[in-house]
């Protein structure tokens, strides 16, 4: 599987301001994402594959019952940041970028994948037959690992918990096929030990998130807040189709210069999108 050179995070002007100013990404607890079936979809696929494996290995029925107990939505404590392969996708502008008035931040995928060792960059698998096959392969590998663990600690409950955690790691990679056009990739952090650092209100709920730095700062004493060019993963920012492009570009150029960013390309959407309110103005 080839990772695209750039991956795009769609966000509002407020989101862009926060990312650039704080030089941090906010990863959201997967249970609080927009798709109401986000976790249930993945859990159901994992359970189906586990049931198939249990039929092949009937002597492990007790172990798989233990795993079924582990595979519950409240135990999934993975935090994710979402990206798309597409820079200028109308559905993304509408859903995630203030209905086209926001921005798509282009990240270098190589730097994203390597800026923190406990965070993985993963392509989302959409829940169809091909997805089930991929998950089955992953689960078979996990089952072999568990067999190895049990040979060293046959009476310990830790192997079941470790395998359960590994399976829960897979769950946020899976989405309903209705979202397939998003062509999504995710940064995933399983916060088995790490607690949320930020809570943001949304729809009457305080959504738990974890903030993580995305760039090392420069050692330039005259400008200590300047991000080191070689470590910042942001390489392009695309202005949304309903934005005032001329004003947005001028302000963004000044803002990037003010914060010490260098070498970030500014582009604009070519999507022909105007709302009813735009037409009335």
Exercise. Can you give the FRET efficiency for residue 120 and residue 65, using 1/(1 + (r/R0)^6), R0 = 41 Å, r = Cβ-Cβ distance, to the nearest 0.05?
Worked result: 0.90
Exercise. In what sequence, highest mean first, do 113-124, 243-254 appear when ranked by Cβ atoms within 10 angstrom?
Worked result: 113-124, 243-254
Seminar exercise, completed: Ordering 177-185, 24-32 by per-residue average of other C-beta atoms within 10 angstrom, highest first, gives 24-32, 177-185
Exercise. Between residue 48 and residue 75, what length comes free when the chain is fully extended (0.36 nm per residue of separation minus the Cα-Cα distance, one decimal in nm)?
Worked result: 7.9 nm
Exercise. Ranked from highest to lowest mean number of other Cβ atoms within 10 Å per residue, what is the order of the peptides 261-270, 99-108?
Worked result: 99-108, 261-270
Problem set entry | Förster-model FRET efficiency, 41 Å R0, residue 180 and residue 274, C-beta, rounded to 0.05 | 0.95
For this session: Subtract the Cα-Cα distance of residue 37 and residue 197 from 0.36 nm times their separation in residues, and report this length gain in nm to one decimal.
Result: 55.1 nm
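FYI, it's all coordinate maths here, none of it is from the lab. The shown structure was predicted, so the numbers you read here are calculated from the model rather than taken from an experiment. Ideal geometry is used to build each Cβ from the backbone, glycine not excepted, and the neighbour counts take in all protein chains shown.
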